[in-house]
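Student: Handing you this structure, nothing more for now.
The values are calculated or read from the model by the stated rules, or taken from the named source; none is laboratory data. Not measured: the values here are computed from a predicted model. Please note: Cβ atoms are built from the backbone with ideal geometry, for glycine as well, and neighbour counts cover all protein chains shown. Heads up: the accessible areas ignore ligands, DNA and RNA and are worked out on the full protein's heavy atoms, side chains in. Shrake-Rupley method; radii C 1.70, N 1.55, O 1.52, S 1.80 Å.
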Amino acid sequence: MIHQYRNNGYNIVMDVYSGSVHVVDDVCYDVIAKLNGSETEPTAGTLKETGVKDQLLQSLGNKYEASDIEDALSDVIELTEGGQLFVKDTYECMIEEVKKRKTVVKALCLHIAHDCNLACKYCFAEEGEYHGRRALMSFEVGKKALDFLIANSGNRRNLEVDFFGGEPLMNWQVVKDLVAYGREQEKIHNKHFRFTVTTNGVLLNDEIQEFVNKEMDNVVLSLDGRKEINDQMRPFRNGTGSYDLIVPKFQKLAESRNQEKYYIRGTFTRNNLDFSNDIMHFADLGFKQMSIEPVVGDESDPYAIREEDLPKIMEEYDKLAKMMIEREKEGKGFNFFHFMIDLNGGPCVAKRLSGCGSGTEYLAVTPWGDLYPCHQFVGQEEFLMGNVDDGIVKPEIADDFRSCNVYSKDKCRNCFAKFYCSGGCMANSYNFHGTIHDTYEIGCEMQRKRVECAIMMKAALAEE
Amino acid sequence: MKHVKSLNKPMNSNLKKSGCGECQTSCQSACKTSCTVGNQTCEQNK
């Protein structure tokens, strides 16, 4: 499968099944397009047949010199012989193995507080309450959750625990106690906990910062960007904005972590479709690690992303990519989570085929110990899988999540980005189609654009 | 090659290296509302 596109003056050709990415000139771009448009996918053998060259000369001869077309074809043959172009799918046959694989639980999202000190208008957790009541997780429930994780993690050594909410700093003593308990248990069971916390920063102080820097592998700091954008969607319950209180705390924390192992994470809505300005605002505030996500919401919400917003969003990603290249060249580069891509390494095929791991490797735990496939399903009773006392009591839910992969969905099967997103977010699919076995098209469009931009940036920076 | 500049080597070998499971959970690190796998790091390459 070939995907080719032009972006920022670069002609890019992706060979999906080898993962190879090429920057080509105009004649080669057109030659590949012609060859890719033929009924049967070319092989090195068929490309050498005289008819192929003749057809190319006939169809492109009015645009390019014959010698250039012949040269380009010869490059294409070399790439094909080298397994870098027109490579066949050798992964679909592995899918049964991936589906049958024995999974272990390796990550938990602990809903340490179903309560929040902000009242963000788009909150999928409904101001922390998740379609339920306000509650804080007790140390006892948290301990059982860590015990459950250790007991269900098989030989996996690295275990991830994210303290999530609501706002986890509202139950800070329990967070500290659970970290201490985890550190004690990891020695006994030869495990290693990687703790992370996702916070709005309201309660952040020096004592918390010190603890976070000592114990947390990553910190996700929620902020939406420019003051007016942030304060419109992330007010306190009394309606005043949170920006002025939070930004200095986040700046101090990011510096204290040497600008590593954290993310400033924003949400964009249709109120700020010019979100590249929010990312640049983060950069101007001195942050180096950032992410901004499209809002998750019902189509009827006034701030929800609509299909008609896509052209503007695509334009913003292009704009952001170009600005990031400029900043990089000026020595003021920064990371944007969704433009990070490792073309020479990255995850293995099992990871790329199996998706995010929700419902199997990754589970969410409510304050009272119920288990759900991920934080976004919490409170939806049909996805209640079990609890920390009895473990998984509905393994059929895990089986359903395990069966979901890029080859089980037609829309993914034919998508060039399938090995980069690995099938998309199942919660998004469920929210829009009532099933986890589908895709959220608007999200897919954005994902494909982000992959294209990330690769274009590699091309641009490779020139330096 | 005159017309092509490749940004990487074929990834088949890397793609085939399979499944120790020690890597990070995809959505845990930053996004929490979408799924991106291509930017994850293989634990074996660290």
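Residue by residue, here is whether (1) at negative phi; (2) open to solvent by less than 20 Å² (accessible area, probe 1.4 Å); (3) touching a Leu at 6+ places or on another chain (Cβ under 6 Å); (4) modelled with pLDDT of 95 or more holds:
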| site | (1), (2), (3), (4) |
| --- | --- |
| A:R352 | yes, yes, no, no |
| A:G355 | no, yes, no, no |
| A:T360 | yes, yes, no, no |
| A:V365 | yes, yes, yes, yes |
| A:H375 | yes, yes, no, no |
| A:V378 | yes, yes, no, no |
| A:L384 | yes, no, no, yes |
| A:G391 | no, yes, no, yes |
| A:S403 | yes, no, no, no |
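Student: Look through A:P347, A:P367 and report the one residue that is in a loop (DSSP other than H, G, I, E, B) and under 30 Å from A:Q259 (Cα atoms).
Tutor: A:P347
Student: Residue under question is A:E441, and the condition is that it be surrounded by fewer than 18 Cβ atoms within 10 Å (Cβ to Cβ) and either over 18 Å from the mean Cα position of the chain (by Cα) or more than 10 Å from chain B (Cβ to nearest Cβ) (or both); does it hold?
Tutor: So A:E441 fits the description; yes.
Student: Filtering region A:31-68 down to residues that are of a type in the set (A, V, I, L, M), over 20 Å from A:I12 (Cβ atoms) and surrounded by 14 or more Cβ atoms within 10 Å (Cβ to Cβ), which residue is nearest to the chain's Cα centre (by Cα)?
Tutor: In this case the residue turns out to be A:A44.
Student: Also: Here are some residues: A:E167, A:E186. Which one is among the acidic types (D, E) and touching a residue at least 40 places away in the same chain (Cβ under 8 Å)?
Tutor: One residue alone meets the criteria, A:E167.
Student: Report the residue count in region A:406-428 for those that are over 15 Å from the mean Cα position of the chain (by Cα) and either crowded, with 21+ Cβ neighbours inside 10 Å or not in a loop (DSSP other than H, G, I, E, B) (or both).
Tutor: Within region A:406-428, residues that are over 15 Å from the mean Cα position of the chain (by Cα) and either crowded, with 21+ Cβ neighbours inside 10 Å or not in a loop (DSSP other than H, G, I, E, B) (or both) number 6.
Residue by residue, here is whether (1) assigned to a loop (DSSP other than H, G, I, E, B); (2) at pLDDT below 65; (3) open to solvent by 10 Å² or more (accessible area, probe 1.4 Å); (4) in contact with a strand residue (DSSP E or B) (Cβ under 6 Å, 6 or more places away or on another chain) holds:
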position	(1), (2), (3), (4)
B:K5	no, no, yes, yes
B:P10	yes, no, yes, yes
B:L15	no, yes, no, no
B:G19	yes, no, yes, no
B:C23	yes, no, yes, no
B:C31	yes, no, no, yes
B:C35	yes, no, no, no
B:N39	yes, no, yes, no
B:Q44	no, no, yes, no
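Student: Mind checking which residues of region A:202-233 are open to solvent by less than 20 Å² (accessible area, probe 1.4 Å) and basic (K, R)?
Tutor: Correct list: empty.
Student: In region A:238-255, what count of residues is obtained for those that are hydroxyl-bearing (S, T, Y) and open to solvent by less than 50 Å² (accessible area, probe 1.4 Å)?
Tutor: The number of residues fulfilling the criteria is 2.
Student: Residues that are out of contact with any helix residue (DSSP H, G or I) (no Cβ under 9 Å at 6 or more places or on another chain), away from every other protein chain (no Cβ under 12 Å) and over 18 Å from A:P373 (Cα atoms): list the helices (runs of 4 or more DSSP H) wholly contained in region A:49-147 that include at least 1 such residues.
Tutor: Output list reads A:50-60, A:95-100.
Student: A further question on this structure: Run A:G19 past the list (1) within 14 Å of chain B (Cβ to nearest Cβ); (2) open to solvent by 30 Å² or more (accessible area, probe 1.4 Å); (3) at positive phi and report the number of the one that doesn't hold.
Tutor: (2)
Student: Please state which of the following conditions A:L461 fails to meet, knowing it meets all the rest: (1) touching a Phe, Trp or Tyr at 6+ places or on another chain (Cβ under 9 Å); (2) under 17 Å from A:I341 (Cα atoms).
Tutor: (1)
Student: Take the residues in region A:393-405 that are part of a loop (DSSP other than H, G, I, E, B) and within 24 Å of A:M94 (Cα to Cα); name whichever of them is farthest from the chain's Cα centre (by Cα).
Tutor: Selected residue: A:S403.
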